[in-house]
Amino acid sequence: MGALSQLGAAALRVCEPTSLLLMIAGVTIGIIFGSIPGLSASMAVALMLPLTFSMSSSLGMNVLVAVYIGGISGGLISAILLNMPGTASSIATTFDGYPMAQKGEAMKALGVGIVFSFLGSIFSFVILTFFAPWLADVALKFAAPDNFGICFFALTMVAVLSSGNMVKGLLAGMLGLVFALVGLAPIDGTARFTFGIPEMRGGFNTLTTLIGIFAVADILVSAETIGKGIKTIPVKKVKGFGFSVAEFFRWIPGAIRAALIGTGIGILPGIGGSTSGMLAYVTAKNMSSHPETFGQGDPEGIVATECANNATIGGAMIPLLVLGIPGDGVTAMMLGGFLIHGLSAGPLLFVKNADVVYGIFAACMICALIMLIVEWTCIKAFVQVLKVPKHVLLPLILVLCAVGAYATNNRIFDVQSIVVFGVIGYLYHKFRLPTTPFVLCFLIGRMTEEYLRRGLMRFKTFGAFFSRPIFCVFFAIAVAVILWSLYKEVKASRASK
Amino acid sequence: MFFRKYGDIITGLFYAVLGAVVIYLAGLLPKSRVMKIGPDFMPLVIGSIILVLALMLLFSAVKNFKANSAKAEAAGPDTADYKRVLASLVLVVIYVNILAPVGFIISTLGYLFLQIIVLAPNDRRSAKNILTYAIIDVVFVFAVFFLFRYGFKIVLPAGIFSL
């Protein structure tokens, strides 16, 4: 039976009323977890995992897929409305989403985010359905030096993000790298910068870092001016999703580029949606004819980030289904789901359980549609958050963040570390240091070192990395990015004199 | 004005010290016996880059000090309400430290109420407002507790309570 006919048969099974209702519930729960800073998609999947015990394997996996899709997409809601990314994948959504919300365009920003999340998801699911085995072969060709090349390239994005004051931007990022060093070193497990504190051996958690830098710091920054009175943020009413057909078609090339970045990064195990969102954003900014509007409330910034981070879902499912390799925390949970239901992810899954695989493909597409409908229906409810006075809203969010930080590992150390990162975020604000390079370096720093050391273990010398074409391509792009950023910085500095 | 005037110098000094400390601590880490680079390699590279960048920033800040001072003075005095910032920070620090021993319900009831009062503008601190904040506090804390504890099955610190 061809892929299309198998997909059609699976779609009919997935659309049965019970299955459909469970997937609507799954997507909604995912959106709730994704939208609350501190709660994550992996937490939602972990929570739903035991509930799928009593379901058939196909239905159980479809519910987990629903939660995953909702969880990744839900992050855009708090990123746009509160400047706090609900998940690490939506960090770059805050750059333009929040300024748009402040200008009264919250509904348009949400509309753009929702539609392009949907399109990004669908793009990657189509790729997943028709090219999964072939792309898994490509992913297998990526060795540690190639992944190091990608991470190194992603790190050079700090230079792009720091344009205007590169030295300060780079220093801001360096502190993120220092925090990424804390814990057991990759490969040999030597305790580094732990100062004898057992909890620090595991390093700082990504979620707690984000909560501190965004949520706690926001409370402190807001405390500076909140006493001067309450500023009401207007919310302009919109028709449909808030943008015109002409705008939609203008954004399509950027969306395709972002979806390709997202799917490509998703295929590579261990890199993840946060990196793809950030890379797609910086690429969109660099390739735009009006880069100066990025960060000021340009919808194209949201298009790039949301398309890329949702496209990562389909990409991440490829190594999971075809090779049985989980790319991140959520897909690791999904792998647990396969095991619970007596399925073994890997090449044999396509032979022995083709009905489950095509069921997942069909569920992915239907869940993306459910996500679009649920979020669009609730846009008006979401923006009501903006009506809550900031002096009430911020403490409520902080409590949710503290609960989320605690729930991540059930340890109070994670809750305490949000204060450390909150103070860093506040000091960055006072000393006019950008926080984005800090977050980017923290996220990528550890894997950069890991891939470098893994590569050196196998290839012995750094020079041997250059025998790998994939590494050479990314390394060359990274060097070009650095040189181009330096050239722009020197030019801008001369112009200001 | 202080941050605008001396911000870059302080930042440069902080990072220079940080770079030196990272390099020193990297020196204390064991070297790898099996491969060329060990756990000390990355800290050493990062520390060195920080030191170089910090010195560049310091040099530029000292060189442009007069120009930056003039800009800072033109921008006017700093009007930030540091009392509220400090009070909020103290509350958050106390909250995260008492969360485990005292428990989620009591510590959050106290923190949330006080934090809202601290952040509330002066004209939003009437008796009626405070009563509203207290109601929000109680409803929110119990809603979150029961949602997480019984809905999401996430056990929150019980402290002196056990529900």
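The values are calculated or read from the model by the stated rules, or taken from the named source; none is laboratory data. All of these numbers come straight from a predicted model, not from anything done at the bench. Backbone-built Cβ (ideal geometry, glycine too); neighbour counts: all protein chains shown.
Picking from residues in the range B:20-41 that are within 8 Å of chain A (Cβ to nearest Cβ) and over 14 Å from A:Arg454 (Cα atoms), the one that is surrounded by the most Cβ atoms within 10 Å (Cβ to Cβ) is B:Val22. Of all residues in the range B:88-120, how many are more than 7 Å from chain A (Cβ to nearest Cβ) and under 22 Å from A:Val388 (Cα atoms)? Residues that pass the stated criteria total 8.
Is the range A:340-352 home to any residue that is under 15 Å from A:Ala41 (Cβ atoms), aliphatic (A, V, I, L, M), surrounded by fewer than 23 Cβ atoms within 10 Å (Cβ to Cβ) and in contact with a helix residue (DSSP H, G or I) (Cβ under 7 Å, 6 or more places away or on another chain)? Checked against the condition, which is being under 15 Å from A:Ala41 (Cβ atoms), aliphatic (A, V, I, L, M), surrounded by fewer than 23 Cβ atoms within 10 Å (Cβ to Cβ) and in contact with a helix residue (DSSP H, G or I) (Cβ under 7 Å, 6 or more places away or on another chain), the range A:340-352 yields no hits at all.
With respect to A:Arg192, determine if the residue is closer than 18 Å to A:Glu450 by Cβ, within 10 Å of another protein chain (Cβ to nearest Cβ) and among the basic types (Lys, Arg).
yes
When you check A:Ala223 against the structure, is it closer than 30 Å to A:Leu433 by Cβ, outside any loop (DSSP other than H, G, I, E, B) and free of Cβ contacts under 8 Å to residues at least 24 places away in the same chain, yes or no? Taking the combined requirement at face value, the residue satisfies it. Criterion applied to B:Ser69, B:Ser48 was being free of Cβ contacts under 8 Å to residues at least 40 places away in the same chain, more than 9 Å from chain A (Cβ to nearest Cβ) and of a type in the set (Ser, Thr, Tyr), and the one residue passing it is B:Ser48.
For A:Leu260, the stated conditions do not hold, so it cannot be described as of a type in the set (A, V, I, L, M) and surrounded by 23 or more Cβ atoms within 10 Å (Cβ to Cβ). For the range A:156-174, the set of residues classified as part of a helix (DSSP H, G or I) and either out of contact with any helix residue (DSSP H, G or I) (no Cβ under 6 Å at 6 or more places or on another chain) or away from chain B (no Cβ under 11 Å) (or both) consists of A:Thr156, A:Met157, A:Val158, A:Ala159, A:Val160, A:Leu161, A:Lys168, listed by residue number.
Taking the options B:Val90, B:Val141, B:Val102, name whichever one is outside the structural domain of B:Tyr6 (by TED's automatic domain parsing), at pLDDT 90 or above and in contact with a Gly (Cβ under 8 Å, 6 or more places away or on another chain). Reasoning before the result, please.
Numbers: B:Val90 fails: in contact with a Gly (Cβ under 8 Å, 6 or more places away or on another chain); B:Val141 fails: in contact with a Gly (Cβ under 8 Å, 6 or more places away or on another chain).
Within the list B:Val90, B:Val141, B:Val102, the selection yields B:Val102.
Given the options B:Phe113, B:Phe148, name the one that is within 30 Å of A:Leu49 (Cα to Cα) and either touching a residue at least 12 places away in the same chain (Cβ under 8 Å) or surrounded by 13 or more Cβ atoms within 10 Å (Cβ to Cβ) (or both). Outline the logic, then answer.
On the way: B:Phe113 fails: within 30 Å of A:Leu49 (Cα to Cα).
So the residue among B:Phe113, B:Phe148 that is within 30 Å of A:Leu49 (Cα to Cα) and either touching a residue at least 12 places away in the same chain (Cβ under 8 Å) or surrounded by 13 or more Cβ atoms within 10 Å (Cβ to Cβ) (or both) is B:Phe148.
Applying the selection to the range B:121-155, what residues are outside any helix (DSSP H, G or I) and either touching a Lys or Arg at 6+ places or on another chain (Cβ under 6 Å) or more than 11 Å from every other protein chain (Cβ to nearest Cβ) (or both)?
Step one: filter the range B:121-155 for residues outside any helix (DSSP H, G or I), giving B:121, B:125-126, B:152-155.
Once the filter is applied, which keeps residues that are outside any helix (DSSP H, G or I) and either touching a Lys or Arg at 6+ places or on another chain (Cβ under 6 Å) or more than 11 Å from every other protein chain (Cβ to nearest Cβ) (or both), the range B:121-155 yields only B:Ser126.
Take the residues of the range A:416-456 that are in a helix (DSSP H, G or I), modelled with pLDDT of 90 or more and among the aliphatic types (A, V, I, L, M): which is surrounded by the most Cβ atoms within 10 Å (Cβ to Cβ)? The qualifying residue surrounded by the most Cβ atoms within 10 Å (Cβ to Cβ) is A:Ile418.
From the residues in the range A:178-201 that are among the small types (Gly, Ala, Ser) and out of contact with any strand residue (DSSP E or B) (no Cβ under 7 Å at 6 or more places or on another chain), which one is modelled with the highest pLDDT? Going through the qualifying residues, I end up with A:Ala180. For the range A:361-378: of the residues being surrounded by fewer than 20 Cβ atoms within 10 Å (Cβ to Cβ) and over 20 Å from the mean Cα position of the chain (by Cα), which is nearest to A:Phe123 (Cα to Cα)? Within the range A:361-378, the match that is nearest to A:Phe123 (Cα to Cα) is A:Ile373.
Of all residues in the range A:162-202, those being out of contact with any Phe, Trp or Tyr (no Cβ under 7 Å at 6 or more places or on another chain) and closer than 20 Å to A:Ser89 by Cα number 1.
Please verify whether A:Phe462 is buried (at least 23 other Cβ atoms within 10 Å of the Cβ), more than 19 Å from A:Asn286 (Cβ to Cβ) and either within 12 Å of chain B (Cβ to nearest Cβ) or under 25 Å from the mean Cα position of the chain (by Cα) (or both), treating the condition exactly as stated. Can you show your working first?
Details: buried (at least 23 other Cβ atoms within 10 Å of the Cβ): no; more than 19 Å from A:Asn286 (Cβ to Cβ): yes; either within 12 Å of chain B (Cβ to nearest Cβ) or under 25 Å from the mean Cα position of the chain (by Cα) (or both): yes.
It is false that A:Phe462 is buried (at least 23 other Cβ atoms within 10 Å of the Cβ), more than 19 Å from A:Asn286 (Cβ to Cβ) and either within 12 Å of chain B (Cβ to nearest Cβ) or under 25 Å from the mean Cα position of the chain (by Cα) (or both).
Please count how many residues of the range A:37-85 are of a type in the set (Gly, Ala, Ser) and surrounded by fewer than 24 Cβ atoms within 10 Å (Cβ to Cβ). Steps first, please.
So in the range A:37-85, the residues of a type in the set (Gly, Ala, Ser) come out as A:38, A:40-42, A:44, A:46, A:54, A:56-58, A:60, A:66, A:70-71, A:73-75, A:78-79.
Okay, now just the ones that are also surrounded by fewer than 24 Cβ atoms within 10 Å (Cβ to Cβ), so A:42, A:46, A:54, A:56-58, A:60.
The number of residues fulfilling the criteria is 7.
A:Leu81 - would you say it is hydrophobic (A, V, I, L, M, F, W, C), within 14 Å of chain B (Cβ to nearest Cβ) and touching a residue at least 60 places away in the same chain (Cβ under 8 Å)? In short, no.
Anything in the range A:185-209 that is in a helix (DSSP H, G or I) and within 27 Å of A:Thr87 (Cβ to Cβ)? List them, or say none. Please lay out each step first, then the result.
First, the residues of the range A:185-209 that are in a helix (DSSP H, G or I): A:198-202, A:206-209.
Once the filter is applied, which keeps residues that are in a helix (DSSP H, G or I) and within 27 Å of A:Thr87 (Cβ to Cβ), the range A:185-209 yields A:Glu199, A:Met200, A:Arg201, A:Gly202, A:Thr206, A:Leu207, A:Thr208, A:Thr209.
One residue stands out in the range A:226-247 among those that are assigned to a helix (DSSP H, G or I) and within 11 Å of chain B (Cβ to nearest Cβ): the one that is surrounded by the fewest Cβ atoms within 10 Å (Cβ to Cβ), namely A:Lys228.
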